[in-house]
Amino acid sequence: MGKSNQGQQTEMVKKQLISLLREGKQKVGDRLPPQTVLREKLGVGSKTIQRAIETLESSGILEVRPHKGVFIRRLETDGFIGHEIGLVCMWRTFYPAAASLMQCLQLQLYRKACQCKLFLRNFPEMTHRDSLSYFDGLKRCIEQGQIQGLLTTVSFDEEAWTFFRKHDLPVVSLGSATFNAGFKVCGGGRLEDFFVQAGKHGFRRPAMISIGYPQTEHVRRIFAENCDLPQEVYCRILSPEIGAEDRPFGWTGELNRILHQFAEMPESGRPDVLLIPDDIITSITHRELLKMRLTGIPWDPFFIYQTTRQIPILPSGSIRGDYFEIDNMKCAETAVDLLLDVADGKETQERVLHIKPKLHQMEGNP
């Protein structure tokens, strides 16, 4: 074996050992598996493993004790890289929850000693499912084996999935990757739970305000299954279809119109609770209701809404209502752990992991 190939194999084994340290349950002082086990697990010879161990020993990460074995001296890996992971996202700086999730994913990859290669969408027009060509360099990196897994918040077309399968690339979807199958992590609250919570308070006229796309039909179905009120009045969809381009939402005018329609209804039919599974919509709605009350419109509905722990758009106690709190960091940690388990062959059965949001209830009588 030439020196070049020898060096490449040593580097590969070093990365695998780093991944073993960061992704497993090992603690400082634990012993690494014996070389016979490492040879079988890593598929290389003893000399290659020994060279990788010597490199990590010289950095103070491992400690070789003659006749006893190799032990973990510390878990801080000083910039050594384990897996190289691709992160595929849309460039949505105007949508805080998406930006927060991307940041949390990058932090969790760093904690697992993974190198994050970020691929941002370069195509301005919105599509239901994205092509690989919308992400500069992604296809080439996969072909050249430069990434060992993919985290994605976008939905890919069938051609892309065929390409992933051809290259045996593990993929985990989360966030807005609604149309993807396979391994997924979901962090949002179930719409049914909003109706359950409204019922616990005794509200009888819930109105739901939702973004809509890409879950327009799902929202309408859940509303119909949980409420007998007419959908055209009490279930309002702000964006039922896909937008022409990825740009900031202009919902203020439409929300103002909807709220005035609600406020003008007879008291016996006016919504007594607003169900809003989005923090931005909740924030705008609350602001517009405050303006209405300043002009003499006294309607003050209860809110049941959804927000994100990492984003202080809606400080606790600022709105009269209950809320489901998504933890983006927990979603990111779960997605990274799942992807690394798939990459290492520990997870083989495709499934969806649901991260239940935390319910915060207003104290006292609403």
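The values are calculated or read from the model by the stated rules, or taken from the named source; none is laboratory data. Computed from a predicted model, the values in this text were never measured in an experiment. Don't worry about glycine lacking a Cβ; one is built from the backbone with ideal geometry, like all the others, and counts go over all protein chains shown.
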For the structure I just gave you, tell me whether residue 101 is in contact with a helix residue (DSSP H, G or I) (Cβ under 7 Å, 6 or more places away or on another chain), buried (at least 17 other Cβ atoms within 10 Å of the Cβ) and not β-branched (Val, Ile, Thr). yes
Taking residue 70, is it touching a residue at least 12 places away in the same chain (Cβ under 8 Å), more than 30 Å from residue 156 (Cα to Cα), touching a helix residue (DSSP H, G or I) at 6+ places or on another chain (Cβ under 9 Å) and in a loop (DSSP other than H, G, I, E, B)? no
Residue that is surrounded by the most Cβ atoms within 10 Å (Cβ to Cβ) [pool: residues in segment 215-265 that are in contact with a strand residue (DSSP E or B) (Cβ under 7 Å, 6 or more places away or on another chain) and among the charged types (D, E, K, R)]: 236
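Per-residue answers, yes or no, for (1) of a type in the set (Ser, Thr, Tyr); (2) within 27 Å of residue 199 (Cβ to Cβ); (3) buried (at least 19 other Cβ atoms within 10 Å of the Cβ); (4) not assigned by TED's automatic domain parsing to the domain that holds residue 104:
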residue	(1), (2), (3), (4)
279	no, yes, yes, yes
284	no, yes, yes, yes
289	no, yes, yes, yes
296	no, no, no, yes
301	no, yes, yes, yes
317	no, yes, no, yes
334	yes, no, yes, no
On the given criteria, is residue 322 acidic (Asp, Glu), touching a helix residue (DSSP H, G or I) at 6+ places or on another chain (Cβ under 7 Å), under 17 Å from residue 191 (Cα atoms) and surrounded by 18 or more Cβ atoms within 10 Å (Cβ to Cβ)? yes
Would you confirm, using the coordinates I've provided, whether residue 306 is assigned to a loop (DSSP other than H, G, I, E, B), at pLDDT 90 or above and under 27 Å from residue 185 (Cα atoms)? no
